[in-house]
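Worksheet: one structure, shown below.
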Amino acid sequence: MTTNLFKDIDGENVSLIKLDIKYLNDMWEYSSNPKMYEHFEFGPQKKLSDTKTYLDRLIKRSNGVDAYWWFIQINKTGKVVGSFGIHDINFHRRTCEISYAISPSFWGEGVFMQSLKLALDSLINEFHFYRITAVTSSNNIRSINALKKVGFKEEGVFRNFYFKDDDTRYNATPLALLASEYIEL
């Protein structure tokens, strides 16, 4: 079931826009960068066709009922530099999990914080979500600290949660934000 519940969200410098195959080359550019995968279980995409397959699956999964993803677009240039998703949506409980990926070329430039703010403002103020979670590698200190800036709190450690192809296992840190704890920057 596809729904138009979630719309594009325009910000001052970045916008969250609907996934679209026309941005495949932008997605390929950041999806083929090994640096982006330092905290992921899987590695960079080797071929443009791999990125297309992944994007096709993400578009199909992004149905707006229990999951939705946006591309992160730089307003000034129109370039797509990452993705931002909400999934495991439970409208009865008003809960969801967020996930995201930002091109390493744009790390440290505020793109993630601006995207996070756009998504949280919409989820909390428009859709009245009560609890929003995120799970990241325990070694991803930049991501953990960014989430904490807006009020997310660590809720423990998932030991040996992630598994890489080289048989390496590593911990994940679950974080959660209650709507009442949201710090609007």
Problem set entry | All-pairs alpha carbon distance profile, the chain, 10 Å steps from 0, percent | 9, 36, 40, 14, 0
Problem set entry | Calculated diffusion of region 81-185, Stokes-Einstein form, Kirkwood radius summed over Cα pairs, 37 °C and 0.692 mPa s, µm²/s | 228
Problem set entry | Within the chain: Cβ-based charge dipole about Cα centre, in debye rounded to nearest 20 (Lys, Arg +1; Asp, Glu -1) | 140
Seminar exercise, completed: Within the chain, the percent of DSSP beta bridges that are antiparallel, given to the nearest 5, stands at 90
Exercise. Is region 80-136 best put as rounded, prolate or oblate by its Cα gyration tensor, with a ≥ b ≥ c the root eigenvalues, rounded for a/c under 1.5, and otherwise prolate when a/b is larger than b/c, oblate when not?
Worked result: prolate
Problem set entry | Whether region 64-103 is rounded, prolate or oblate, judged on the alpha carbon gyration tensor where a/c under 1.5 counts as rounded | prolate
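Each value in this text was obtained by applying a stated rule to the coordinates, not by laboratory testing. Predicted, not measured: the structure shown is a model, and the values here were computed from it. So basically every Cβ, Gly included, is an ideal-geometry build from the backbone, and we count neighbours across all protein chains shown.
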